[in-house]
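**Student:** Below: one structure in structure tokens.
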Amino acid sequence: MDLPRPGTDTRHRTVRSFVTRAGRLTGAQKKAIADHWLHFGVDFSAARLELAALFGNGAPCTLEIGFGNGEHLAGRAQTEPERNFIGVEVHRPGIGRLLRVVAEAGLDNVRVIAHDAVEVLREQIAPGALDEVEILFPDPWPKKRHHKRRLIQAEFVELVATALTAGGRFKLATDWEPYAEQMRAVLDACGFLEGVDPAGVNRRTPTRFERRGTGLGHRVHDFAYQRSLTQRISREGP
């Protein structure tokens, strides 16, 4: 089988934060998609997901946006079996790799959506449904003319805040200094989020991507925020 193609709802959004690269799937990745998508995959639709029905339990749920090759997500799912995880990614090789890993490890607390994360948050995730959202090393779009493509913008951050339960965490990391400055400014300006010490919540094993960046001398910036316990978002959803 093939995966659904990530689309864009042009009624709301025309600038994507990603480019769908035609990465070559290995035989093992193709087989993993064919064999395991029906179990671990979640097709995009405008209907809200019932997370308890999706996983068969009411455990807290983490959404990781742009999980790359899935190394971090699979590691957390294995060490935190009491938590559910949804990974959102548009690049097929990474999806295929993650599906192979979670199937081999029997990680039934993982589901995957192959779609634009903005549309997933706007249409598919109910307000207050998530306990945690993670975005690690999103594309920094370093050229000034491409800054409008950066994912961390005010409207997107409010979408994340809407999806979080009260006290839910939003965790981010980047190794691109100018993007870190923008992230901090945008996150601090969101009245529905409160900063927390990232050292206490952003524990992770560095991924291959992160190790490559630090090997080039890049400084990693971690951010952690939580959904305000007092500020209410006036709308029922995005």
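**Student:** Please list, ordered by first then second residue, the pairs with beta carbon atoms under 6 Å, 6 or more apart or interchain, first in region 186-200 and over 12 Å from Leu172 (Cα atoms), second surrounded by fewer than 17 Cβ atoms within 10 Å (Cβ to Cβ) and aliphatic (A, V, I, L, M).
**Tutor:** The qualifying pairs are Val186/Ala154.
**Student:** Another question, then. Specify the residue that is surrounded by the most Cβ atoms within 10 Å (Cβ to Cβ); the eligible residues are those in region 205-230 that are at pLDDT below 80 and part of a loop (DSSP other than H, G, I, E, B).
**Tutor:** Checked region 205-230; the qualifying residue surrounded by the most Cβ atoms within 10 Å (Cβ to Cβ) is Thr207.
**Student:** Then there's this: Looking for whichever is touching a helix residue (DSSP H, G or I) at 6+ places or on another chain (Cβ under 7 Å) and acidic (Asp, Glu) here; the options are Asp139, Asp175, Asp197. Which one fits?
**Tutor:** Asp175
**Student:** Something else: Any residue in region 153-171 that is closer than 15 Å to Val118 by Cβ sitting within a Cβ distance under 7 Å of a residue that is among the charged types (D, E, K, R)? List the pairs, counting only those 6 or more apart or interchain.
**Tutor:** Filtered contacts from region 153-171: Leu159/Arg122; Ala161/Arg227.
**Student:** Return the only residue of Val102, Val120, Val112 being crowded, with 21+ Cβ neighbours inside 10 Å, at pLDDT 95 or above, of a type in the set (Val, Ile, Thr) and out of contact with any helix residue (DSSP H, G or I) (no Cβ under 9 Å at 6 or more places or on another chain). Break it down into steps so the answer makes sense when it comes.
**Tutor:** On the way: Val102 fails: out of contact with any helix residue (DSSP H, G or I) (no Cβ under 9 Å at 6 or more places or on another chain); Val112 fails: out of contact with any helix residue (DSSP H, G or I) (no Cβ under 9 Å at 6 or more places or on another chain).
From the options Val102, Val120, Val112, the qualifying one is Val120.
**Student:** Let me ask another. Take Ala199 and decide whether it is in contact with a strand residue (DSSP E or B) (Cβ under 9 Å, 6 or more places away or on another chain) and either surrounded by fewer than 13 Cβ atoms within 10 Å (Cβ to Cβ) or not in a helix (DSSP H, G or I) (or both).
**Tutor:** Answer is yes for this residue.
**Student:** Quickly run through region 73-96 and pick out the residues that are part of a helix (DSSP H, G or I) and surrounded by 24 or more Cβ atoms within 10 Å (Cβ to Cβ).
**Tutor:** Leu73, Ala77, Ile95, Gly96
**Student:** State yes or no: is Arg149 surrounded by fewer than 21 Cβ atoms within 10 Å (Cβ to Cβ), touching a residue at least 12 places away in the same chain (Cβ under 8 Å), farther than 26 Å from Gly213 by Cβ and among the basic types (Lys, Arg)?
**Tutor:** The answer is no for Arg149.
**Student:** Still on this structure: Quick check on my filter: what residues within region 164-187 are surrounded by 14 or more Cβ atoms within 10 Å (Cβ to Cβ) and within 13 Å of Gln226 (Cβ to Cβ)?
**Tutor:** Leu164, Thr165, Gly168, Arg169, Phe170, Lys171, Leu172, Leu187 - these are the residues of region 164-187 that are surrounded by 14 or more Cβ atoms within 10 Å (Cβ to Cβ) and within 13 Å of Gln226 (Cβ to Cβ).
The values are calculated or read from the model by the stated rules, or taken from the named source; none is laboratory data. Given the structure is predicted, the values throughout are model-derived calculations rather than measurements. All Cβ positions, glycine included, derive from the backbone under ideal geometry; neighbour counts span all protein chains shown.
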